[in-house]
1. Pairs please, first residue from the range 122-133 and of a type in the set (S, T, Y), second anywhere and more than 7 Å from the ligand (Cβ to nearest atom), Cβ atoms under 6 Å, 6+ apart in sequence or on different chains.
2. Look at the range 1-44 and say how many of its residues are of a type outside the set (K, R), assigned to a loop (DSSP other than H, G, I, E, B), open to solvent by 40 Å² or more (accessible area, probe 1.4 Å) and in contact (Cβ under 8 Å) with a residue 24 or more places away in the chain.
3. Among the residues of the range 245-253, is there at least one that is under 19 Å from E159 (Cβ atoms), open to solvent by less than 20 Å² (accessible area, probe 1.4 Å), of a type in the set (A, V, I, L, M) and touching a residue at least 60 places away in the same chain (Cβ under 8 Å)?
4. Just need a number here: residues in the range 188-218 that are touching a strand residue (DSSP E or B) at 6+ places or on another chain (Cβ under 7 Å), without any contact (Cβ under 8 Å) to a residue 60 or more places away in the chain and closer than 14 Å to L270 by Cα.
5. Any chance you could count how many residues in the range 123-164 are under 24 Å from H31 (Cβ atoms), of a type outside the set (K, R) and either within 11 Å of the chain's Cα centre (by Cα) or open to solvent by 20 Å² or more (accessible area, probe 1.4 Å) (or both)?
6. T227 - would you say it is polar (S, T, N, Q) and under 18 Å from T151 (Cα atoms)?
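The values are calculated or read from the model by the stated rules, or taken from the named source; none is laboratory data. The shown structure was predicted, so the numbers you read here are calculated from the model rather than taken from an experiment. Because the Cβ atoms are built from the backbone with ideal geometry, glycine has one as well, and the counts that use them run over all protein chains shown. Note: areas computed on protein heavy atoms with side chains; ligands, DNA, RNA excluded. Shrake-Rupley method; radii C 1.70, N 1.55, O 1.52, S 1.80 Å.
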Amino acid sequence: MIVARTRTSLHEARATLPGPVGVVPTMGALHEGHLALLRAARRRDRSVVATLFVNRTQFNDSSDYAAYPRDEAADLAAFQACGVDLVFAPSIEEMYPDGFGTRIDPGPIGADLEGARRPGHFSGVATVVAKLFNLTRPTRAYLGQKDWQQTRVIARLVEDLNLPVKLVIVPTVRAHDGLALSSRNVRLSPDQRRAATALWRGLELAASAWDDDERSPAALADLVRVTVQAQPLATIGYAEVRHALTLEQVAVADPPLVIAVAAEVGGVGLIDNVVIGEGLMEDGSL
Ligand code: PAF
């Protein structure tokens, strides 16, 4: 496994990789959710590139950036164990040299939900992902379902800027109690962690109500909201039923659909979702 820390060394190493090339962009603090992305890339592509960069510009809250877990040695060992060929682990200066000024605005798809909760977040994501795709030149990029809005923002970016990459969305990996795996979960105390499972319990209730033919977006969202609000340690951010691809509001809960929830537990921002519709995971294109 090659570890490239500069754009020049990445360029040299990338030139030696046979295609198709899969890229897994990460901010490190790897957990089973990331490993599922890496394994999906390893199964499908001839070469696998992982990126490791905690991107300051997508954190609207500097304390969240400071508290973001970092363990490069463990991350590199996990990449190695998953058969990654090349890791790009640049410094901040390498990604954002003096004079850097461009910001990509993904437009309405990034404006509400997480975009409203974290102003500037998706502009930071879109800008760094465009740079990472240009630098690594992947055939496919693997993204996790947990960050559903992020997958839609990146799909918009790929479409709008004609980036030659296919997106593959990999289903959320959950702990035994249903909590969606996230690098932020390590910051939860045992009580907070128990409270955090309300996100998934609410989503499960909504999904089973949908299976039982409930088609009112408000009624489905209420099931999630009420379940989260029943936890004194959790503060609801939003519970929404949206069109899964455009993220627009829907009058009737027909597929393709995403039921998305966000909450704060002990100051830690958590998100989760269920997606209802055929073929949305495998092929993330618009
Ligand atoms: O999902 C993440 O870890 C990040 O948002 C990403 C895609 C690596 C961009 O920094």
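1. What qualifies is S123/R103; S123/D105; T127/R103; T127/I104.
2. Number of matching residues: 6.
3. Yes, the range 245-253 contains a residue that is under 19 Å from E159 (Cβ atoms), open to solvent by less than 20 Å² (accessible area, probe 1.4 Å), of a type in the set (A, V, I, L, M) and touching a residue at least 60 places away in the same chain (Cβ under 8 Å).
4. Result for the range 188-218: 1.
5. Residues that pass the stated criteria total 12.
6. Working: polar (S, T, N, Q): yes; under 18 Å from T151 (Cα atoms): no.
No: the conditions fail for T227.
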